[in-house]
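Taken together, the values in this text are just the output of simple stated rules run on the coordinates, not laboratory data. This is a predicted model, so every value here is computed, not measured. When we count neighbours, we look across all protein chains shown, and the Cβ atoms used for this are built from the backbone with ideal geometry, even at glycine.
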Amino acid sequence: MATNLLQFRKGIHASKKQIIQDQYSKIVALRKKRIDKTEASLRKLNNQFKKDMKSLITPEEKKNAIAAIKEARMTTSRALIRKKHDDDDTILKPVIAKTRASFQRCFAKFNSITATRRKFRADLNGVLAEFSESAFVLHDSLLVNLPDLVLLPNDADRFVPPYDVTEIENFVEIDPKKGHHQIADARTGFISTLFDVSFEGRDNFFLSVEGFAFRSSTAVGKLYIMPRTGILRVTIVAQNTRSFLSASLKDTFGFSDGDIRLSAGIYLHVIAVHDLGTNEIEMSSMSISSGGDDVSKTQENLQTANPFTVTLTSTSAYAQGEPVAIMVGSVLNAFDHADDMVASNFFHVAWQIKEIIVQVI
């Protein structure tokens, strides 16, 4: 369930809130149209893939492969019991190799099947990448040093907490019962997201390769009246307090192929009626892939001692006197694919937005 939530700090005039809320609602509606278009493309792609698979796999092969998978799971379970400790693969590896060979022998056109599945995965990734670019219109960005701030012109506007407005956007449901949270606090400038999401690509039988694209953003912002016509250059001073990413792929037997890419960054979103785009910079990323082995990785590589200073530019120009909301915050992205595997993603990323510096250029 997607979430799009804009909240204003107490004391903001109702007329200002209404203008920005109306603009935000239009942006959300435009994005939904692009998301619906992407989902239609994915359905079309998946339907074609099912036809291709049915032409390559006979009913008898399907029956034999299901039996091979059941046997593989039982055999592997017995091997796991015999393992002496977690890093002892001398028993497990030969068993897995044997069960995979047995599975492959079920199909007369195994090479054609795997080639078709790989092409589908490439097409799937292309649709998901196009979705990210079209729905969020990303542009270039810059990471600068704190001493460079002394070079800012005198007409730069500088804002510190408390801020005026918060934004929470998420493409999956945040479940507090699981310990998840998504917090944006205008009073302190603190933003934090913690959640995990998993999906399983298996037992559908060989008729789809599961793909998953996820985006979550959490921001604080300032209401701003354009002093003159121009583009906004926004410098963000942000203190990282947590940047934990984790991913894993677990084999469920079958064609057994998967990959995960996670990233965390800082983004700028100017809420204006004609501006759909955001601008972001990737601060941390990691990826894993597997051809059948269970793999996992964790990462927490951003320093927390000193603030980061990021400069981002708006994706449009705005007219003098136009009211906008300048939103800055944390953005998380995940691109997964799992073919007869379980893909799991975990994020815990938190920042304090210490200062927002605005120039019109």
Mind checking the dipole of region 260-355: about its Cα centre, +1 per Lys or Arg Cβ, -1 per Asp or Glu Cβ, Debye to the nearest 20?
340 debye
Quick query: amide H of Phe190 versus all other amide H atoms, modeled in the peptide plane; which residues come in under 5 Å with a sequence gap of 5 or more or a different chain?
Asp185, Ile353
Helix 59-82: inclination vs the chain longest Cα principal axis, degrees, rounded to 10, gives 80 degrees
Computed about the Cα centre, the charge dipole of the chain from +1 Lys/Arg and -1 Asp/Glu charges at the Cβ has a magnitude in debye, to the nearest 20, of 1000 debye
0 to 90° range, to nearest 10: angle between helix 110-136 axis and the chain longest Cα axis
10 degrees
Label-point separation, Asp294 to Gln104 (7 Å along Cα→Cβ), nm
2.3 nm
Before rounding to the nearest 500, sum -39500 (n - 2.57) across all DSSP H runs of length at least 4 in the chain and divide by the residue total; then give [θ] at 222 nm in deg cm²/dmol.
-10500 deg cm²/dmol
Would you please put 5-14, 277-286, 117-126 in order of how densely packed they are, using the mean number of other Cβ atoms within 10 angstrom per residue and starting with the highest?
277-286, 117-126, 5-14
Hey, what's the Cα Rg ratio for the chain versus the globular rule of thumb, 2.2 N^0.38 Å?
1.17
To the nearest 0.05, how large is the calculated FRET efficiency for Arg78 and Ser55 if R₀ is 41 Å and r is the Cβ-Cβ distance?
0.70
Using the alpha-carbon atoms, what tilt in degrees (0 to 90, nearest 10) does helix 92-104 show relative to the longest principal axis of the chain?
80 degrees
Lys and Arg at +1, Asp and Glu at -1: add these up for the other residues within a Cβ distance under 13 Å of Ile353 and post the number.
0
